[in-house]
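The values are calculated or read from the model by the stated rules, or taken from the named source; none is laboratory data. Because the structure is a prediction, the values reported are computed rather than measured. A quick note on method: Cβ atoms are made from the backbone with ideal geometry, for glycine too, and the neighbour counts reach across all protein chains shown.
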Amino acid sequence: MIQRLERVLQDAGIKLTSVASQAYSKSARAILDALVEGERDPKVLASLVRRSAAVSPTVVHSTLMIQK
């Protein structure tokens, strides 16, 4: 099921696993919850990544750019 979720997100242009180590991590869950609620601003989504993540905010922002 997780692999299916990752594939659907990638098809939508969202590379969640580039930001979070796993699609079910706390950061990933927070981002997914925000997307479900309708949030589309990459800056807001990037702010949901936990500080312990090993990626820079710039990488997070560019990775979460949602294609329109």
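The table that follows gives values for the structure above.
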| quantity | calculated |
| --- | --- |
| In region 47-59, the residues that are at pLDDT 80 or above and part of a helix (DSSP H, G or I) | SER47 |
| Qualifying residues in region 12-36 (those that are outside any helix (DSSP H, G or I) and polar (S, T, N, Q)) - the one farthest from MET1 (Cα to Cα) | SER21 |
| Where GLU39 falls short, out of the listed (1) out of contact with any Lys or Arg (no Cβ under 9 Å at 6 or more places or on another chain); (2) surrounded by 14 or more Cβ atoms within 10 Å (Cβ to Cβ); (3) at pLDDT 80 or above; (4) not in a loop (DSSP other than H, G, I, E, B) | (4) |
| Answer from ALA34, ALA12 - the residue that is modelled with pLDDT of 75 or more and under 11 Å from the mean Cα position of the chain (by Cα) | ALA34 |
